[in-house]
Every structure is written in structure tokens, then in C-alpha cells.
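Below is one structure, written out as C-alpha cells; the observations come after it.
The values are calculated or read from the model by the stated rules, or taken from the named source; none is laboratory data. What you are looking at is a predicted structure, and each value in this text was computed from that prediction instead of being measured. Because the Cβ atoms are built from the backbone with ideal geometry, glycine has one as well, and the counts that use them run over all protein chains shown. Ligands, DNA and RNA are excluded from the accessible area calculation, which covers all protein heavy atoms including side chains. Shrake-Rupley method; radii C 1.70, N 1.55, O 1.52, S 1.80 Å.
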Amino acid sequence: MSGSVITGWGTALPEKVVTNAEFEARLDTTDEWIVERTGIRERRFGGMTSSLAVEAGAAAVTKAGLEPSDIDLLILSTTTPDKAVPATSSTVHAQLGCSGAAFDLNAACAGYVYALVTADAMLGARIGFERALVIGADTLSVITDMEDRGTAVLFGDGAGAVVLEHHEDAEPLMLASDLGLDGSLLPILYCEHGGYLKMEGKEVFRKAVRVTVDSAAKVLADAELTGDRIALFVPHQANVRIIDAMLQRLGIPPERAALVLDRTGNTSSASIPLALSDAADAGRLSDGDLILFSGFGAGMTWASAVVRWGR
Ligand code: ACO
């Protein structure tokens, strides 16, 4: 028996807080509409994807009691790379001083779960990797049209990270996972090079509820679990109404959801590790607890995983 264990976690948020009141002052919107329709109260804008990733990655490595040079696999999930070439993970790898391999992964807002599943599989394949740093970092403010009330109020910038270490005597990290995509849904959410995010919000909402519930129900069934066995539900933080619908349909008690959406807005790849770290720092996780991760994003991609916390 062998598996990977989450041994560290960390986050980074830009200093600049942007409240709903600031949008109210310059767009045809209200704090009441934003809170009621999305659950978002404020978000953070600023920084570069690499700088946020470095800060979150360094915090996760320190929490794990490691040095960056102990990391031999770095996966950065992002949709907002610093540059077209090279991958932003190159900058992060160099600035942190990691060893071994690094690459970017783009599966939009489902990317963090894709990255976790990939890192766990690469550690488990015994192909030379012992410790992975899995970072989700995005600066969506850069690709958001701040004059479009339909998208401007939704997004924020940030990063989160975890360290995964392979142990010969650990139980498997993943009880079940499901990664998927429906490319025919590309037109409902996309961003051209040099442009802004275009989104059919209502359609994304409808499809997101369907694909995330189906995918999460599949991993629960594969792991022979029911929703009430999940100690912590860590969904992509896009809209509190999507999260509420999932909790209800999956039979997960609402108090078991990890939520940072009200403080961060939708931070794409960063949203799941930000919510996980927030729950871990609040002491909401014990060894052996089962966590359900659920993401969805442009593509349309989706991803779910049931993960064991601790050994
Ligand atoms: N303030 C006030 N009114 C607004 C705002 C705003 N900020 N934005 C839209 N409206 C208006 C619309 O123009 C529309 O007006 P109309 O009826 O006169 O045409 C009305 O509010 C209702 O609009 P809907 O789009 O039907 O509102 P809905 O309740 O669906 O909420 C929202 C919109 C919040 C965008 C919702 O559809 C949603 O969250 N969708 C999913 C978005 C999502 O998850 N995106 C992320 C996916 S991947 C990623 O993370 C990058």
C-alpha cells in the first residue's frame, strides 16, 4: 500500500480589496443584487499570476516543513499565464528554487482538481517524483471588462497551493475521481487572445449545476459513499446558488461546505485551494476525513474527486 498525503497548504491574495459598493458607484448594479444573485461581497485585485503563485507555494512548502528544493514536481493550474511563452510555472520554479519538473495546466476553473489528480497519479506511477507542489493561481481581473456589469462583479485574483508527498505506508489519497469536458459548450464562456471574458451567465449556471452534480454523484458512487459521509465539500467558488443546489442534490449537510466566495469572488484555479486552506486553517479537518472536490469551468470542463485528508 502506498499513496500521497497532503502535508502543506498556503494561500496568497492581493492587498487591494474591492467591495460591491465600489461597483455600485460606477456601474448599473447594487450590493443587494450582487450578494443575492452570487453571494459575493468583496474580491481582491492585483499582482501577477506568478507572484501570487510564488507566495502561496512558499507558504505551502513551509507548512509542510520542507524547503522548495525538496519539491521535484510543480504543477501550476492557471488560465491567466504571465506570458504566452514560457509557462508561468517556469518563473515560479525559478523564484521558489524548486527541483525537477514543472508545467502549467489549463482546464479553466476545473483546473485545480485536474492538477491534483495529475500530481497524485504522477507520484503514484513511481517515475521519479516524491514531492509535488500543486498551485492554482489566476488574475482574472486582467481579462475582465470592468465596464460589463454581467462579469465585472464576479471575479477576483488569488492563489492557493498544496504539497503532496508520496509515502510507502499511506492509504491512497484519491478514493475516486472524474475529469470531463463538453467542447460543444465552448461558446458560452471564452476569452480571445488579448480580449475579455465573454459569458452567457444563465446558460453557464444551468449547465454547471447539471455537470457538477452528475460528476460529483459519480465519484460518490464509485467510492461507495453517500453525501453525508463527506466531512468537507470544497466546490469551485463561482456562485453560492450553484453551491447550494449541489449540497441539496448530493445530500451534503450545508455546514460542511468550505466557502470563501464572499471574500474572494471567483478566483478560477485558485478558488478550490483557497477554500481548502481556509477550512484547514480553521481546524475543520481531522486525519481520515473525506473531502469532496468539485470544479467546473470554460470548455466546458468539470472535475470531481474524493480525497482522504491525512494518512
Ligand atoms: N447588477 C445588476 N443586474 C445585473 C447584473 C449586475 N451586476 N448582471 C446582470 N444583471 C441583470 C441582467 O442584465 C438581467 O437583466 P434583464 O432581465 O433586464 O436582461 C438580470 O440581471 C438577470 O440576469 P441573469 O443573467 O438572468 O441573472 P442570473 O440570476 O442568472 O445571475 C449570474 C447572473 C450571477 C452571472 C449567474 O447567471 C451566474 O452566476 N452564472 C454562472 C457564472 C459562472 O459560474 N461563471 C464562472 C464559470 S467558470 C469561471 O469561473 C471563469
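For the chain, a Gaussian network of Cα nodes joined below 10 Å ranks Thr19, Thr212, Thr267 by mean-square fluctuation, and the top entry is Thr19.
Counting only whole DSSP H helices of the chain, the ones at least 18 Å long by C-alpha along their axis and with mean Kyte-Doolittle hydropathy no lower than -0.5 are 49-63, 111-124, 201-222. Per residue, the range 3-167 exposes 38 Å² of solvent-accessible protein surface, assessed with a 1.4 angstrom probe and all protein chains in place. FRET efficiency for the Asp287 to Arg249 pair, using the beta carbon distance and R₀ = 41 Å, is estimated at 0.90.
Here the Gaussian network model covers the chain, with springs between Cα atoms less than 10 Å apart; of Ile127, Ile40, Ile71, Ile127 fluctuates the most. What shape does the chain have by the C-alpha gyration tensor, where a ≥ b ≥ c are the square roots of the eigenvalues, rounded means a/c under 1.5, and otherwise prolate means a/b greater than b/c and oblate the rest? Oblate, because a/c is 1.5 or more while a/b does not exceed b/c. For the range 243-300, the solvent-accessible area of protein heavy atoms averages 32 Å² per residue (probe radius 1.4 Å; ligands and nucleic acids excluded). Would you mind counting up the charge near Thr88? Only other residues with Cβ under 9 Å from its Cβ, with Lys and Arg at +1 and Asp and Glu at -1. Result for the local shell: -1. On the protein heavy atoms, probe 1.4 angstrom, tell me the percent of accessible surface of the range 77-198 carried by carbon and sulfur. Roughly 55 percent, rounded to a whole number. With a cut-off of 13 Å between beta carbons, the residues surrounding Ile34 carry a summed charge of -3, where Lys and Arg count +1 and Asp and Glu -1. Only beta bridges with both residues in the chain are counted; by DSSP, about 70 percent of them are antiparallel.
Computed over the range 18-112, the percent of Cα pairs more than 17 Å apart is 60. Sorting 283-294, 268-279 by their mean Cβ neighbour count within 10 Å, with the most densely packed peptide first, gives 268-279, 283-294.
Length gained on full extension, Glu32 to Arg149, computed as 0.36 nm times the residue gap minus the Cα-Cα distance: 40.7 nm.
Taking 14 Å as the straight-line reach from the Cα of Lys198, the aspartates and glutamates in range (excluding those fewer than 8 positions away in the same chain) are Asp145, Glu147, Asp148. Within the assembled protein chains, the solvent-accessible surface assigned to Thr11 is about 60 Å², based on a 1.4 Å probe.
Per residue, the convex hull spanned by the alpha carbons of the range 3-167 comes to 110 Å³.
Straight-line reach only, C-alpha to C-alpha below 28 angstrom: list the lysines that Lys202 could link to, leaving out same-chain residues fewer than 8 apart. Answer for Lys202, where 28 Å is the Cα cut-off: Lys218, listed by chain and number.
In the assembled protein chains, Glu192 presents an accessible area of approximately 120 Å² (probe radius 1.4 Å).
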